[in-house]
1. Could you please find all residues in the stretch 34-80 being more than 23 Å from LYS143 (Cα to Cα) and among the basic types (Lys, Arg)?
2. Which condition from (1) buried (at least 17 other Cβ atoms within 10 Å of the Cβ); (2) in contact with a Ser or Thr (Cβ under 8 Å, 6 or more places away or on another chain) is the one that GLN93 breaks?
3. Between a residue in the stretch 71-88 that is aromatic (Phe, Trp, Tyr) and any residue that is crowded, with 16+ Cβ neighbours inside 10 Å and in a strand (DSSP E or B), which pairs come within a Cβ distance under 9 Å, given they are 6 or more apart or on different chains?
4. Might you let me know whether the stretch 133-149 holds any residue that is farther than 18 Å from GLY57 by Cα, in contact with a Phe, Trp or Tyr (Cβ under 9 Å, 6 or more places away or on another chain) and surrounded by fewer than 18 Cβ atoms within 10 Å (Cβ to Cβ)?
5. Suppose we keep only residues that are aromatic (Phe, Trp, Tyr) and part of a strand (DSSP E or B) within the stretch 102-147. Which one would you say is nearest to ILE163 (Cα to Cα)?
6. How many residues, within the stretch 81-101, are part of a loop (DSSP other than H, G, I, E, B) and more than 26 Å from LYS160 (Cα to Cα)?
Amino acid sequence: MKSPTVIFLLLALVGAGHCQPDDGIPSLDASEKACLRMFKELPASAQVHPAPDNEPGSPLVICGKLLRKLDGNPVAHASLLVYHTDVKGDYQQRVKGKPETARISGRVETDEKGRFLISTILPGKYNNKGAGGHIHLQVEGAKPGGYTFQFTQYSTLSDKKFISGNGQFFLVELKRDEQGRLVGFLDLPVKGM
């Protein structure tokens, strides 16, 4: 090979390391990047990391706000249980029927503005049926207390029809940050608080 060809190939390889996957998921815009930075500065009590650092899967960050359905105001200092499957679609509960014993789970408390941050992995669908499962939230004091969200890019048309108008199920559109992590923003209106 000639020297310019080698240099071009090396530059192409280095550049490829900084490219995001070509999966149709757009990058965060400037205002979303600023919002993500703000959420990353929340106090530790308002952040949860349910998946261990070495957990296989695509890194996922969810910036959430818990709101009263009645008036849209934030719910401060609410306790939430977050849990979901691993990439193979398995909860691996230590005690069947007890979501708090799921292997990938954790608790978080909203800040004074109802905000919380979840840093985890993209869950798998049940029984190893692909990426883009869903995440459960149990909101202490809400009636009903259970809420679920899944991801626009990984949801079927029938999923979207089921979720549409259902007050306990939500869709989150995913974007990518500069490191290629999946990022979503969720406003979660709850009753009874």
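1. ARG37, LYS40
2. Only one criterion is unmet by GLN93, namely (1).
3. So the pair list comes out as TYR83/ILE104; TYR83/SER105; TYR83/GLY106; TYR83/ILE135; TYR83/HIS136; TYR83/LEU137; TYR83/GLN138.
4. Within the stretch 133-149 (the criterion being farther than 18 Å from GLY57 by Cα, in contact with a Phe, Trp or Tyr (Cβ under 9 Å, 6 or more places away or on another chain) and surrounded by fewer than 18 Cβ atoms within 10 Å (Cβ to Cβ)), the answer is yes, since at least one residue qualifies.
5. Looking at residues that are aromatic (Phe, Trp, Tyr) and part of a strand (DSSP E or B), I get TYR147.
6. The total comes to 7.
Per-residue answers, yes or no, for (1) closer than 19 Å to LYS65 by Cα; (2) at pLDDT 95 or above; (3) under 18 Å from the mean Cα position of the chain (by Cα); (4) among the aliphatic types (A, V, I, L, M):
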site: ILE7; (1), (2), (3), (4): no, no, no, yes
site: ALA12; (1), (2), (3), (4): no, no, no, yes
site: ALA34; (1), (2), (3), (4): yes, yes, yes, yes
site: ARG37; (1), (2), (3), (4): yes, yes, yes, no
site: GLU41; (1), (2), (3), (4): yes, yes, yes, no
site: GLN47; (1), (2), (3), (4): yes, yes, yes, no
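The values are calculated or read from the model by the stated rules, or taken from the named source; none is laboratory data. For clarity, every value in this text was computed on a predicted model and none was experimentally measured. As a convention, Cβ positions derive from the backbone with ideal geometry for all residues, glycine included, and neighbour counts pool all protein chains shown.
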